[in-house]
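To start, the structure itself, in structure tokens.
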Amino acid sequence: ATAAGRGGDVSITSGGGSSSSGAVSMSTAAGSADGVGASGGVSVSSGATASGRSGGLSLTTGAASSGGVAGGIELSVGSSGADGGGVGASMSLSELGDVSVVSGASPSLAGSSGSITLQSAVGQASSGEVVLASGASASGASGGVSMVSGEATAGRGGDITVAVGASHVGAGGDVVVEAGSTSDASASGGGLRLSSGVGAASVSGDASLSSAGGASSGDVSVVSGAAASGESGAVSLSSGAASESGGAVSVSVGSSGSGRGGDLTLSSGSSGRAAGGDVAVSAGSGGSVGGSVSMSGGSGAASGGNLLLGGGASAEGVGGSVRLSAGAGGAGGGGGRIDVVDAGGESRVGVGGGGDVTVSSRAGEATRVASGGELSLGVGAASELVVSHADASASGGSVLRVQGDRVVSHVAAELPEVRAPEDARIKRDVAEVDADSLLQRLQGVEVKSYRYTDEWRRVRGLEGDVEVRGVIAQQVAEVMPEYVQVEAQKRLPEKDFEMSEFHTVDKDRIAIDLLAALQAQHRRLTVGANTASASGDVTITTADAGGYASASSEGGVSGAVSVASGASTAGA
């Protein structure tokens, strides 16, 4: 070596030959013949340096041209004997600098580069482990471990396969991919990300997570880790955003050939102290129309599956509710509807966006409403309850209506018994009536015969143009105005009928006053009761002077009694 120059080189080269060059072999001699001693080691290393870079160590096979194949490089550890403890020796590639293992290139356009295989040798009991790991770091970040196949400029990129060897006895081996943990209380553990490759002009690659097929396939579980004191992590299944149509997310159970189909369960977390978690299923919003949410029972040859919605039970408090609500509408439209439809797709229970409710059954089918206790039907202010019948002859089909101050029937009412509240305890200011005056006034009420107009017969559903007897409300109002009520506007919308100043007569009051008039007449013309030996007397008398309701307090003259036959035009 020179003081300022470079040391001399050492070169060991085999001789050339017409078919192949000679081999170069470096090895130590075998151990002692009795098998007790160990063979010597072989060390190839560059020299140390005090301040510069130490020399490199290169193991390279020669290049092959004219269609030949470049030679390989094999690093292997010798096998251990049966008495060596049963464990093969290890191979370690380590250095403070980088370690690079690269296969040879191929200059041919049709060729491929050489392969690199890292594997442990076959073992009788078990093979050795293969570990790829970066070194530990005392103060900074440790190095990463990257498994990447080479880029292909004209073909398909190479695959990366992580697989466990097959097992012939016992369960198959596991594949564990685990991010790093941290002891820093203010930091989080490392993330785990599996993503497919990007497609420049077409679709990106698929990502598939499945258990292998078998007599019974294994489970697939995607769960976040448990939390000792804080919140556990969320699990999110979502498709990526798209400029056109977003991708679908499908959660389905595999079909069954002979047994029962598998269940699909969506459940939120329970809580020992606070409220349980919610389950929310919602469709995506849209610039024009929002997406739909469809839930249905499965079809079956014998019977279809059921769809059950129920609130949760409570051991001590109130059970959970079930609520169905339609979406609210904007300024340009109303709210959505809620419909319960039958098997034929017809709505049978509907709640409109404006709050209207429709309940109907199919023609010929019943609608049943039953209550174990009270049943209350009510309508809002200025509204009415209308009962309709498909067989009604009256126009509009309505037969009965309940208004705020009356019940109106458009058809004949069959009432075997009618009762009125007449208890003395509900009445006050009870006084005698002037029955004689009622007798006189009622004589002014005219009973007429008449026929109804075509319009009213259409309203009532009267088929024949028959003659009836009754009173005329306007005439009754002249002598007995207390019997008559006038509706400012009579409206029957479904019958297309409307009339102003519509007169009605209270015939119940007429019947009561007729009773009083009959009693007044009976006092003037009395028919006595028959006995076994004689018929009843007939007494005709006028009222005593001052003995009637409107008599003067100063008295007067009693009325005369006249008995006369009618005038005759042809005899005595």
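The values are calculated or read from the model by the stated rules, or taken from the named source; none is laboratory data. Since the model is a prediction, treat every value here as computed from it, not as a measurement. When we count neighbours, we look across all protein chains shown, and the Cβ atoms used for this are built from the backbone with ideal geometry, even at glycine. Note: accessible area is taken over every heavy atom of the protein model, side chains too, but ligands, DNA and RNA are not part of it. Shrake-Rupley method; radii C 1.70, N 1.55, O 1.52, S 1.80 Å.
Filtering S243, S217 for residues that are assigned to a loop (DSSP other than H, G, I, E, B) and surrounded by 10 or more Cβ atoms within 10 Å (Cβ to Cβ) leaves a single hit, S217.
Determine which single condition S210 fails, assuming it passes every other condition in (1) over 27 Å from V145 (Cα atoms); (2) small (G, A, S); (3) loosely packed, with under 10 Cβ neighbours inside 10 Å. Against the list (1) over 27 Å from V145 (Cα atoms); (2) small (G, A, S); (3) loosely packed, with under 10 Cβ neighbours inside 10 Å, S210 comes up short only on (1).
Annotation: of all residues in region 388-412 being in a loop (DSSP other than H, G, I, E, B) and open to solvent by 60 Å² or more (accessible area, probe 1.4 Å), the one that is nearest to K495 (Cα to Cα) is S393. Scanning region 136-148 for residues that are without any contact (Cβ under 8 Å) to a residue 12 or more places away in the chain and loosely packed, with under 10 Cβ neighbours inside 10 Å yields a count of 8. Restricted to region 273-387, the set of strands (runs of 3 or more DSSP E) holding at least 2 residues that are open to solvent by less than 80 Å² (accessible area, probe 1.4 Å) and over 30 Å from S409 (Cβ atoms) comprises 338-341, 347-351.
Within region 246-272, if we keep just the residues that are closer than 26 Å to S195 by Cα and among the small types (G, A, S), the residue that is surrounded by the most Cβ atoms within 10 Å (Cβ to Cβ) turns out to be G246. Residues in region 490-506 that are of a type outside the set (D, E) and at pLDDT below 95: K490, R491, L492, P493, K495, F497.
A quick yes/no check of all residues on (1) exposed (fewer than 10 other Cβ atoms within 10 Å of the Cβ); (2) assigned to a loop (DSSP other than H, G, I, E, B); (3) at pLDDT 75 or above:
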position: A4; (1), (2), (3): yes, yes, no
position: G17; (1), (2), (3): yes, yes, yes
position: M26; (1), (2), (3): yes, yes, yes
position: A29; (1), (2), (3): yes, yes, yes
position: V36; (1), (2), (3): yes, yes, no
position: S54; (1), (2), (3): no, yes, yes
position: S65; (1), (2), (3): yes, yes, no
position: I73; (1), (2), (3): no, yes, yes
position: S94; (1), (2), (3): yes, yes, no
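Condition check: free of Cβ contacts under 8 Å to residues at least 12 places away in the same chain, more than 28 Å from S437 (Cβ to Cβ), open to solvent by 90 Å² or more (accessible area, probe 1.4 Å) and among the hydroxyl-bearing types (S, T, Y). Does S553 satisfy that? No: the conditions fail for S553. Looking at this structure, is L462 more than 19 Å from E494 (Cβ to Cβ) and at pLDDT below 95? Here the answer is no, as L462 does not meet what is asked.
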